[in-house]
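Structure, as structure tokens:
The values are calculated or read from the model by the stated rules, or taken from the named source; none is laboratory data. Quick caveat, the model's predicted, so the values are computed rather than measured. Virtual Cβ from ideal backbone geometry, glycine too; neighbours counted across all protein chains shown.
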Amino acid sequence: MKYIIKNSIIVLVFTFGFSGLSAQYMPKNLPNYDHKQWHFGFTLGVNTMNFNIKPVDYRQYDSTIAVIQPIPSQGFNIGIVANKRLVKYLDIRFVPTLSFGQRNIKYIIKTKDKKEDLFIKSVESTFLDFPITLKYKSKRFDGKLNNMRAYVLGGARYSLDLASQKKKKGTSDVIVIKLDPNDFMLTGGVGFEFYLAYFKFGVQLQMAYGLVNVLNKEKTIYTTNVEKLSSKMAWITFTFE
């Protein structure tokens, strides 16, 4: 998450500085762009995938497991954009996306001789995302920034994990953490878009929080202490429309 925020701030600061210096020499680009009912484009981005972990009730807790901690990991995503203008400052967007990444869980397990062993279980995911999002835009800024505007996003998405190992059988040596391939999330974010000579370029930061328990719980040491496992994601995306 810190990686995503840090990089988004760098990009926005650079873009603001560049726009402030150069916009005074440029006319208003694409003046009729926002009057069109439909826009299409594509997206490229980087993401951070993570889990929210809810432990079981303390009366069911297995004390041999000292720590269960999610560890975020970075990935990337690509998608296509279909944007429909609803009213002057409100659009609805459908952006089917492929998101590639990995999520890790750290376990510290106590052994019989009172030592603590560290284990990292990794879950690779390839999500096919189907988000429906409302986009509320400001008007174009005035003066030297007349080719820029800000916006906020909010919506929901269904994600299908094409790399789900729910049906994979583990072995005595390798225990697989199995997740349901179907996930539903609420999403929100902010962004800025810049009207260039021939297309519109956008930078946006979004977050998503899973609504369902994706853990396919089995009686293994890695799942006995987990009541609910839900998704948590953040990503910075560059759009070209």
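Structure notes:
- Picking from residues in the range 117-147 that are modelled with pLDDT under 95 and basic (Lys, Arg), the one that is nearest to Ile92 (Cα to Cα) is Lys139.
- Here Ser63 clears all of (1) touching a strand residue (DSSP E or B) at 6+ places or on another chain (Cβ under 7 Å); (2) farther than 26 Å from Leu211 by Cβ except the condition numbered (1).
- Ala150 touching a Ser or Thr at 6+ places or on another chain (Cβ under 7 Å), at pLDDT 90 or above and over 19 Å from Leu229 (Cα atoms): yes
- Looking at the range 132-241, the strands (runs of 3 or more DSSP E) lying wholly inside it that each contain 3 or more residues that are of a type in the set (S, T, N, Q), in contact (Cβ under 8 Å) with a residue 12 or more places away in the chain and surrounded by 20 or more Cβ atoms within 10 Å (Cβ to Cβ) sit at 226-240.
- Failed item in (1) surrounded by 14 or more Cβ atoms within 10 Å (Cβ to Cβ); (2) at pLDDT 95 or above, with Ile80 passing the rest: (1)
- Hey, Lys115 free of Cβ contacts under 8 Å to residues at least 40 places away in the same chain and exposed (fewer than 14 other Cβ atoms within 10 Å of the Cβ) or not: yes
- Search result, residues across the range 161-200 that are under 17 Å from Ser230 (Cα atoms), among the hydrophobic types (A, V, I, L, M, F, W, C) and at pLDDT 95 or above: Phe184, Met185, Leu186
Matching residues to (1) outside any strand (DSSP E or B); (2) loosely packed, with under 14 Cβ neighbours inside 10 Å; (3) at pLDDT below 85:
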residue: Pro31; (1), (2), (3): yes, yes, no
residue: Asp34; (1), (2), (3): yes, no, no
residue: Phe40; (1), (2), (3): no, yes, no
residue: Asn47; (1), (2), (3): no, no, no
residue: Asn50; (1), (2), (3): no, no, no
residue: Gln69; (1), (2), (3): no, yes, no
residue: Gly75; (1), (2), (3): no, no, no
